[in-house]
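The values are calculated or read from the model by the stated rules, or taken from the named source; none is laboratory data. Note that the structure is predicted; figures quoted are calculated from it, not measured. All Cβ positions, even for glycine, are placed from backbone atoms using ideal geometry, and neighbour counts span all protein chains on display. We work out accessible area using only protein heavy atoms, side chains counted, and drop any ligands, DNA or RNA first. Shrake-Rupley method; radii C 1.70, N 1.55, O 1.52, S 1.80 Å.
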Amino acid sequence: MSKVTFLGGCQQVGASAVLIEHRDTRVLMDYGVAFKGEHRTPLPTSTRNLTAVLSHAHLDHSGSLPLLAGSHTQPVPVYTTALTRALSKLLLRDMLRIGRGNLSFERQEIDQLLRNTHALTYGQRQQIDDKVWITLRDAGHIPGSASILVEIEGNGSGPTRILYTGDLNTRTTQLVHGAPSLRDVGELDLVIVESTYALTEHPKRKDVEQTFVETIRATLEEKGTVLIPAFAVGRSQEVLSVLHKYRNQGLDYPIFIDGMAKAVTKVMERHSQSFTGGTQLQKAADHVTFIMNGSDRRRALKEPAVIIAPAGMLKGGTALHYLRAIADDKRSSVLLVGKQLPGTPGAELLETGSLIVHSKNGTGQRLCVQAKVKSFNFSCHVDRGEVLDFLRHVKGNPKILTMHGDAVACNNLADTLRSEYGFSAEAATKGQVLALN
Ligand SMILES: [Zn+2]
């Protein structure tokens, strides 16, 4: 008998974790962190006979993994792609450095975890014990991201096959190829699917790109600065690749990149062979100035230019430095390229045209922004139509559990899958245990 336990990321975005157990073998898929709300970490679990598999480097999937690094004598093996391993090293160390998440681990645990992290390529079948196998599939979300297929061989009967999508994207963007269809996966018994945008339809990517580029062109022609606050992992590189695509169409201005996005871009360049847009990203990066010091920062603001700088929701990072500098300049633009969660400075700026900016000593000051503020949907998650289309091609008659979305999105997607598609589907709840035959 095998069972699946939902440890976190249920009816919330953050702290994703799902445990599959078969006899003594325990396979943990993701162990993330949430930076707000009640459930900051997944439920605890023992490191006994544990193997972890990491879908991708974003901290809502990886941020609590060092808690399970195990001891020197009994380390917990982790499987993921080579690129996710390299990105996780950056992100976990950065999380520790800035004290995000307040988790009780140190550099030692991160290093221990990374030492025992083994790289798999997409499609490579890895044996965990004599009955359990895992395979990573391209999830199309960010470079290096994977969905996880777990196969458990039965006694005489066929194997039990479980697909955990992780964060999933099926549309091809400048940076990544969309996740392949489920047609080739074979029959599945259980699908655990993300629901982040299960209530949303994204606009066509080409339209978004064109409006984005036209806004940049207009700002630069007015001699303004374009500030693009962007998430360091994935979104900054997608924006670089979009700008590179339109360079040949006359959008040829200085581009600067600052903050964590620099190191992440370098890592992705080193792994450029492992994702579709790798070569284009390398070419894009050749035309970009990586800001190294204060004099580079001043230079970036001296002439019409595009500046890409985290944090994506303006919660901190070097983006705030540039925002202060251009706030009074009506010719300049602030282009938000990621979802601005309610309550964040980015959401406040979009709604009110001003935001509270905290100085180093913690005091907050309201900053009124005269520069134009616009938002663009460059989502790297499936929307409602895309997730339904993805699941429509599944073979077998799997049970479907939704997670990684707010309660309304997870339940709504499960309802639709039940009522319109005839699946046995439900929204997973934290602590839920599901028995598998
Ligand atoms: Zn993600």
Q: Look at the range 156-205 and say how many of its residues are at pLDDT 95 or above, among the basic types (K, R) and loosely packed, with under 15 Cβ neighbours inside 10 Å.
A: 1
Q: Tell me which of these T211 doesn't satisfy, since it passes every other one: (1) within 23 Å of the chain's Cα centre (by Cα); (2) more than 23 Å from T402 (Cβ to Cβ); (3) β-branched (V, I, T).
A: (1)
Q. Taking the range 124-172 only, how many residues are at negative phi, among the small types (G, A, S) and more than 15 Å from the ligand (Cβ to nearest atom)?
A. 3
(Q) Step by step: first the residues of the range 232-259, then only those that are within 16 Å of the ligand (Cβ to nearest atom) and charged (D, E, K, R), then the one that is surrounded by the most Cβ atoms within 10 Å (Cβ to Cβ). Which residue is that? (A) E238
(Q) Suppose we filter the range 382-424 for residues that are open to solvent by 10 Å² or more (accessible area, probe 1.4 Å) and assigned to a strand (DSSP E or B); how many remain? (A) 3
Q) Limited to the range 65-81, what total is found for residues that are within 15 Å of the ligand (Cβ to nearest atom), under 16 Å from S104 (Cβ atoms) and of a type in the set (S, T, N, Q)? A) 0
Q: Give S354, S375 a once-over and let me know the one that is more than 25 Å from the chain's Cα centre (by Cα), modelled with pLDDT of 95 or more and of a type in the set (G, A, S).
A: S354
Q.
Exactly one of these conditions fails for T318: (1) at pLDDT 95 or above; (2) touching a strand residue (DSSP E or B) at 6+ places or on another chain (Cβ under 8 Å); (3) under 30 Å from G140 (Cα atoms); (4) β-branched (V, I, T). Give me its number.
A. (1)
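For residues in the range 44-59 being closer than 20 Å to T165 by Cβ and open to solvent by less than 30 Å² (accessible area, probe 1.4 Å), which is farthest from the ligand (Cβ to nearest atom)?
Among them, the one singled out is T51.
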